[in-house]
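Take a look at the structure below.
Laboratory data are not the source of any read-out in this text; all were calculated from the coordinates shown. The structure presented is a predicted model; accordingly, all values stated were derived computationally and were not measured. Backbone-built Cβ (ideal geometry, glycine too); neighbour counts: all protein chains shown.
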Amino acid sequence: MSFLIPCPNCGNRSVYEFRFGGEVQAPPTSAAPPGDWQKHRFNRVNAAGVQAEWWFHRSGCRQWMQAVRNTVSNEVLESFLPGDKQE
Amino acid sequence: MKFRFHDKTIEAQPGDTVAAALYRSGQRIFSRSFKYHRPRGLLCVSGKCPNCLMNVDGIPNVRTCITPVHEGLRVKAQNAYPSLETDFLSVTQRFDWLMPVGWYYKTFTRPAMWHAVEPAIRKVAGLGEILPSGPREYEHAWMHAHTVVIGGGWAGMQAALAAAERGEQVVLIDDQVALGGQACYRKRMGPRPDAIIARIRAAANIRLLQNSYCFGLYEGNLLGVLQRAPHPGASERLIHLRAQQTVVASGAYEAPIVFPNNDLVGVMLSTGVLRLLHLHRVQAGKRAVVVGKSLQAGEVAEELRDGGIEIVAIVDPDTILKATGSSTVNGIQTRTGHFSCDLVVICGPRIPDNGFVAQAGGRIEWSEPQGAFLPTLPPSNVSAVGDASGEAVANTIAPLPTSKRAFVCLCSDVTSADLCDAVAEGFNHIETLKRYTTATMGPCQGRMCQLSAIGVCARETGRSIGETGMTTSRPPNPGVSLGALAGPKHHPLRRTPMHYAHQDLGVVWLDMGDWQRPRYYTDHLAASEEERVLLEYRAVREAAGLIDVSTLGKLDVRGADSGKLLDKVYTHRFSDLPPGRVRYALMCDEGGIILDDGTVSRISEDRYFVTTTSGNLDFVQQWLEWQICATGWDVHITNVTAGYGAMNLAGPKSRDTLRKLTECDLSSGSFPYMACREAKIKGIPAILLRIGFVGETGWEIHCPAESAEGLWRAILGAGHEFGVRPFGVATQRLLRLEKRHVIVGVDTDALTNPYEADMAWAVKLDKKEFIGKTLLAHAAKDRSRERLVGFVLQSPGVPEDGAAVVVDGQPAGRVTSARYSPAQLAAVGLAWVKTSLAQDGVFIDLRVNGELLKAKVTMKPFYDPEGVRLRQ
Amino acid sequence: MREQVGLADLSYRAKFDTKTAPSRPFWPLGRNHFLIVGEPPLSPPSGATDVTSVYAELLLAGPSSTAVLSKLTSLNLSDAALPNLFCAQASLAHAHTIFLREDIGSIPGFRLLISREYAESAWEAIVHAGHEFHLQPFGLGALELLRN
Amino acid sequence: MQLFSKNRMWRQHELRSSYDVVIVGAGVHGLAAAYYLGKKHGVRKVALLDKSYLGAGASGRNTAILRSNYRTPEGIPFYDASLKLYEGLSRELDWNLLFSQCGHLTLAHSDSSVTGLRVRAENNQLLGVNSRIIGREEIGNLVPSLNLSESTRYPILAALYHPPGGIIRHDAVVWGLARACDRMGIEIHAFTEVTSIIVENHRAVQVITNRGRVAAGAVLNATAGWATTISRMAGVPLPIVTHPLQACVTEPLKPFLDTVIVSATLHVYLSQTDKGELVIGAEIDPYQSYSMKSTLPTLEQMATYTLELFPQLHGMRILRQWAGICDMTPDFAPIIGTSQEVSNFYMDVGWGTYGFKAAPISGKCIAELIATGKPPGLIQPFSPARFETGNLVGEKAAAAVSH
């Protein structure tokens, strides 16, 4: 019941209904060396500001989505299902 | 109405609060102060100051001035011994010179001394005590509104009506007994606004929450609202109120003025005196001195005179030297003379109650002309109106004389002299000053003291009040009870479809998260866990046993890309799994760390049936959905866990038992190990998986949940002649341990990869691509870390789960599970050891009850190592 | 129930979960996710998963039903937010629930689909929350009466 | 006698143009590093920079619990050394830190958490830390007010008892260290925000602040919450995600709880201060954020779990709730050492929710590293290099609550 995330399926819902999936990052290619995978596994931008993130609406539609959020103010600027964005 | 105050019976009139009734009965001292145990009387009469805290019906620190009386209430004073009137600890005020600000940091710096005096300090500190009280019901509720107005005074009612007229859904919150705000107790402001109150009550789209207070404005415009006595069955209800627009109309409250002896009993805020007079028809005194600037003080004096209180003098705060009296006030000493009285009425600064705006992220700034901190940049969905916005607030800040008897913070007995000393020591930022002196951190939450503390800090540092600034406003404010926050006691329980069948058999339950599972069965006979487990164990090994495994996660996976998805998320290969076959499934993250395990069965060409561990179902489903979402593959996953009851029938007699109930050919020739079939058992459609977690011939049977209890009873009935018994999780743990089968999360942790867990066989590195492949390939070569090994203890005894593996007196590993094995006639178990020790026949030392015992490492199962029995 | 609120167990009803929009009436649960609920026997659309046994179905009906539910869920159940024949998903007494708003004439009604293992626990929570409103359990007979 | 003196605790200074060591973050970690640099190594041309008032960050927002009953052979001796330094610190600083070694109880409500506690007890005992598993009866003797009924939803089965653990006054540690630093000539610059760090030839040469720029012989990142931000200024990436952590406090009560109580299953920890307030702490918020706003659901969780343990407290009112921000690492262990990329850029970061306990020892070790160039053995397992090899520390395997 804290800040709200606009779920594309369910509308504005409390962040506590969601599971946080971390910042959106592209994985290395399957041919990348182990060192790149370790970096991918651990290193984070951890932005103090706007970043794109994964969220799963656990207590609602149970779908994954992405949100663009300011991590300092917790303001969510945009949220979408990844499939919709690509179109 | 009557209530008890210690051993006295107090008469109360309808509408009385506890404090009003006590005051009418002649009680003047209501509490003793925190540090010096100075007597304190009523001050604000509105629940804002710390002076009237008492124990009511067992609950400590209750503000008696806003607590309505009900028949039979039991009220007790707190923090005073033997009584409020005579408190032995009040001698501490004579030693105040020994306790300058921060004295405890500067004394007892030797640990031994501190250790000796600390218990004594603890004992005298603290306020209330918890006494036995009856059960109380607390409730939660959720509400949604377009516009929420906090405060039912004139401005709040206007705002609510305006919003209602715009057609918005409105909630109006008021913490007073009646709507109307100040008009209820300031008769000279005019009559009560009855017309507007009637319009509020008549408006269909205004929901009125009376006797309720807002304690916080959280992110997303969420208001925490506490409703007192919402209905006869509940004492408090916490409402989570989500608003689109919040209007803060919480008005202004009055704060004290700082001068020597300003805390004497009988020194009251003008609003307190008026509330007593008009809300409770109680005269706070007979002869009053009114302290305040001329205009404001004059109005108050008039109003008190109307109420029959004699006004001795009106005194300008600038001229006050001190209040006189020993515990109760008997006069005011000014530069011009002494005025005798039994009541001092303080017309203090009016503090706009706009903390909610700050909580919502608004900027609060000092306004010199108004003498108040006011909201300047409220966020777009929050606004302040009326006195909360500073309207009609015009304070002249009274002088703040430095004195060891001029109290700024009443909660913790912090004087203006204390604050000056602290600033001189370098605590010159308002936040450090607050932490060092504890001013503003007591039960009044800074209401009575914040402005004065800021004033002292500003003067001593040579800065303005605006530069000095406020401390952060944080919810909850006012405070809110733990009971209301926790809400009704409701622990969801997950019951398997056979729950009541277990209960009928006699069972000891095991909690696994929200699930309840049979730990072992008792047959209603009292016997030790060991004996019951052994009985169940023998049944499985010699006849057959039946266990409820309904808690296993079950996923129905369909769609063209199902095989591709399973190949990606599990380390094994599934796209080539023929229909009718089952395969063990191990799931790793990108680092090659084990996340979960289970089985994947291909029921038909286009349908997989996936099981997960009981605790990880949600995680696994989300993990799969995440991959689908990121790739856009055509896979449809349905969580069918609750739809199937599942049971595992295992043991040499399981085929004989099942054969009585089904036409399905159960011979190993047509239904071999690791095969699956859809078949009817006793007419019930079921999925049968031939797998062997406990190491015997057996079938895991999944059937529709509503038929599961019937099937469970039918199997037990059919197996009766063979000695089939139900068995619980405790027995299953022993059976699987003899087979060295790993339980994810018990034998593995957040750092375990399959190579370390001795499960290299489950990883197909020749598969093109799957999650974790790169780092698993890397880990396959890296043997520097630990390994999970089996061991057989070489002497009697059983190591406890978690026992240490010891090398050269140092911790060098741990036992994850150990049990007495009837097959080995010794304790066996699994343990993490250094890779160098992970070889058959190596001896390791285990710490068992503080003693080191030898155990022999084995990399093979302890029971039926070749796996002959489960294939029979 | 007509005046206050009642609670019934309708778990026998057939339910199917599917990824493709079916040709018959359905409840939309999300992008590419649909639910069909009806009186049995109900033939499944192709590719659908039978979830009849997965969900218990409770029917809460009566003028106070919104008030009862608002003690157990943060979901906005007002007529504007969840009109008749609309659905939503949220936690109810800590269990994930599909709320199907299906009024019986002018009486507000909510069909609550709750994962079966939580259903008993949820039933108890609803009954407890309903005390204040004199909630009564009811059977199919009363439902028939109400419909007519 | 200091009781009656009104000497300034620390002074204000103009920013000089260069320092031997610039420490970013004047919380307990930065202060401890400066203190030991000055005291043990004679390095006193040191500036502590903080963007806010002294102790504004995690140092003043934690629940002030000290303990050393960790799980791993790396963690146990490290925290044990820290606890021992704390034991002598009041005397050393001539400033009472109000350290009360009232004992620390970690409750287990399930078989698996008993197993987890046993791993800790065994390793603690082997490494000389006083900690053992105790049963319900002994728990009852230590905390008579605790609900030991077997009919609750989560009955208490056993506990890990750690007598030397306890609580300390967190602000006093900040002030005591600050005074000692000031007396050695070390400068404390409050309200001095670092905006960038100039790196040349793999060395951090200048630190730019809102009050001007300073040259630095060495730079130490001793921030919590802002570790990634500061390190990024020097071009050093970190495996850190920042989460809020919340706590709350009740109105004062007469003493009823004389030990620290932690419940691993219920994700809550409690202690009662000498003033009588009950301090309650929660698990970290489940999402990354730099917001220090407290939330209602977390407050409700803390209340629910507190009442599971002490149902008689239902009428107690919460007076304040606050949040701090915590830098979580993948293995719940800190990152201490020299950065791989910049040779004179040191890090004492990634302290998650347990940094306060370790301040003296990490300050002492990092001071030795900066002064001698050699990392003491105690901090070697926590070097940033472990994330390249994947050789993580096993503290994460211990229960989720780490207080």
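Listed by chain and number, the aspartates and glutamates whose C-alpha is less than 19 Å from the C-alpha of D:K293, apart from same-chain residues fewer than 8 away, are A:E17, A:E75, B:E219, B:E431, D:E283, D:D285, D:D327.
Do any trypsin sites (Lys or Arg not before Pro) in region D:69-156 lie in a DSSP loop with no more than 16 other beta carbon atoms within 10 Å, and if so, which?
Values: sites: D:R71, D:K84, D:R91, D:R118, D:R120, D:R132, D:R136, D:R153; in loops: D:R71, D:R153.
Answer in residue order: D:R153.
Pairwise Cα separations in chain D fall into 20 Å bins from 0 onward with the following percentages, short to long: 28, 57, 14, 0. A simple rule links phi to the HN-Hα coupling: the Karplus curve 6.51 cos²θ - 1.76 cosθ + 1.60 with θ = phi - 60°, which for region B:728-737 gives x, 5, 4, 5, 4, 4, 5, 4, 6, 5 Hz, with x for Gly and Pro. Here B:K739 is the anchor, and the lysines within straight C-alpha reach of less than 18 Å, apart from those fewer than 8 places off in the same chain, are B:K856, B:K860.
Which entries of B:K123/D:K51; B:K489/B:K554; B:K404/D:K51; B:K106/D:K254; B:K653/B:K768 show an alpha-carbon separation above 32 angstrom in the structure shown? From B:K123/D:K51; B:K489/B:K554; B:K404/D:K51; B:K106/D:K254; B:K653/B:K768, over 32 Å: B:K123/D:K51; B:K404/D:K51; B:K653/B:K768.
Going through region C:1-102, which chymotrypsin sites (Phe, Trp or Tyr not before Pro) have at most 12 other Cβ atoms within 10 Å and a DSSP loop state?
Values: sites: C:Y12, C:F16, C:F26, C:F34, C:Y55, C:F86, C:F99; in loops: C:Y12, C:F26, C:F86.
Here the sparse-neighbourhood loop sites are C:Y12.
Give me the number: length gained by fully extending B:A630 to B:K123, i.e. 0.36 nm times residue separation minus the C-alpha to C-alpha distance, one decimal in nm.
Details: separation 507, 0.36 × 507 = 182.52 nm, distance 6.01 nm.
Result: 176.5 nm gained on full extension.
Residues whose amide H falls under 5 Å from that of B:D175, counting only those 5 or more places apart or on a different chain, are B:G152, B:S212, with hydrogens built in the peptide plane.
Shown for B:W699, B:W623: other C-beta atoms within 10 Å of each C-beta, ranked fewest to most, produce the order B:W623, B:W699. If you plug the beta carbon distance of B:E368 and B:Y81 into 1/(1 + (r/R0)^6) with R0 = 41 Å, you get a FRET efficiency near 0.30.
Based on a Kirkwood Rh over C-alpha pairs, give the Stokes-Einstein translational diffusion coefficient of the protein assembly as shown at 37 °C and viscosity 0.692 mPa s in µm²/s. For these conditions, the coefficient is 94 µm²/s. Taking amide H as placed 1.01 Å from N in the peptide plane, the amide H of D:A218 sits under 5 Å from that of D:V21, D:V22, each at least 5 places away or on another chain. Determine the sum of side-chain charges near B:Y23: Lys and Arg each +1, Asp and Glu each -1, restricted to other residues whose C-beta is under 12 angstrom from that of B:Y23. Taking every other residue near B:Y23 into account, the sum is +3.
Kirkwood Rh, Cα Rg: Rg to Rh for region D:175-228?
Working: Rg = 12.8 Å, Rh = 12.8 Å.
That ratio equals 1.00.
Region D:45-78 and region B:649-674 have Cα centres lying 62 Å from one another. Compared with the dominant principal axis of the Cα atoms in chain B, helix B:450-461 is inclined by about 80°. How far is the Cα center of region B:120-159 from the Cα center of region B:786-840, in Å? That distance is 54 Å. Taking trypsin sites (Lys or Arg not before Pro) across region B:113-220, the ones in a DSSP loop with at most 15 further Cβ atoms lying within 10 angstrom of their Cβ are B:R166. Tell me, what ³J(HN,Hα) does each residue in region D:380-390 have, in order and in whole Hz, if you take phi through Karplus 6.51 cos²θ - 1.76 cosθ + 1.60 with θ = phi - 60° and put x for Gly and Pro? 3J(HN,Hα) across region D:380-390, in whole Hz: 4, x, 9, 5, x, 5, 5, 7, 7, 8, x. Distance between the 7 Å Cα→Cβ label points at B:E542 and B:V868: 2.0 nm.
Residues whose amide H falls under 5 Å from that of B:D758, counting only those 5 or more places apart or on a different chain, are B:L788, with hydrogens built in the peptide plane. Coupling constants for region B:323-329 follow from the phi torsions by the Karplus curve (6.51 cos²θ - 1.76 cosθ + 1.60, θ = phi - 60°), and in residue order they are 8, 10, x, 8, 10, 9, 5 Hz; glycine and proline get x. Counting only residues at least eight positions apart within a chain, or on another chain, the lysines with an alpha carbon under 17 Å from that of B:K2 are B:K76. Annotation for region A:6-35 versus region B:208-281: alpha-carbon center distance of 42 Å.
Binning the C-alpha pair distances of chain B at 10 Å intervals from 0 yields a P(r) profile of 2, 10, 16, 15, 11, 11, 14, 12, 6, 2, 0, 0 %, listed from the shortest bin outward.
Given the peptides B:600-606, B:474-480, arrange them by the average over their residues of other C-beta atoms within 10 Å, most packed first. Mind showing how you got there, number by number?
Details: B:600-606: 17.9, B:474-480: 22.7.
By packing density, highest mean first, the sequence is B:474-480, B:600-606.
Consider a paramagnetic label point 7 Å from the Cα of B:A204 along Cα→Cβ; state which residues of region B:147-173 have an amide N under 16 Å from it. Flagged as within label range: B:164-170. Taking every residue in D:121-130 and counting other chain Cβ atoms within 10 Å of its Cβ, the average works out to 4.
Pull up the DSSP beta bridges for the protein assembly as shown and report the antiparallel fraction as a percent, rounded to 5. Present the calculation step by step, with values, prior to reporting the outcome.
On the way: 225 of 289 bridges.
If we restrict to bridges inside the protein assembly as shown, about 80 percent are antiparallel.
Here r is the Cβ-Cβ distance between A:N12 and B:D576 and R0 is 51 Å; the resulting FRET efficiency, rounded to 0.05, is 0.65. Modelled label positions at B:D7 and A:V50, each set 7 Å beyond Cα in the direction of Cβ, lie 7.3 nm from each other.
Of B:M512, B:M498, how do they rank once you tally other Cβ atoms within 10 Å and put the fewest first? Let's see the in-between values first.
Numbers: B:M512 17, B:M498 25.
Going from sparsest to densest Cβ surroundings: B:M512, B:M498.
Along each principal axis, taking the top coordinate minus the bottom one, the Cα set of region B:492-773 gives 54, 40, 37 Å in descending order. The modelled label-to-label distance between B:H720 and B:H278, using points 7 Å beyond Cα along the C-beta direction, is 8.2 nm.
Nearest 500 deg cm²/dmol is fine: what mean residue ellipticity at 222 nm does the protein assembly as shown get from its DSSP H runs of n ≥ 4 alone, each adding -39,500 (n - 2.57), divided by its residue count?
Working: 35 runs with 352 residues, N = 1510.
Roughly -7000 deg cm²/dmol at 222 nm, from the helical runs in the protein assembly as shown.
Neighbour counting of Cβ atoms within 10 Å sorts the residues D:L177, C:L59, fewest neighbours leading, into C:L59, D:L177. When the C-alpha to C-alpha distance is required to be over 24 Å, the pairs from B:K187/B:K293; B:K767/B:K834; B:K764/C:K19 that qualify are B:K767/B:K834; B:K764/C:K19.
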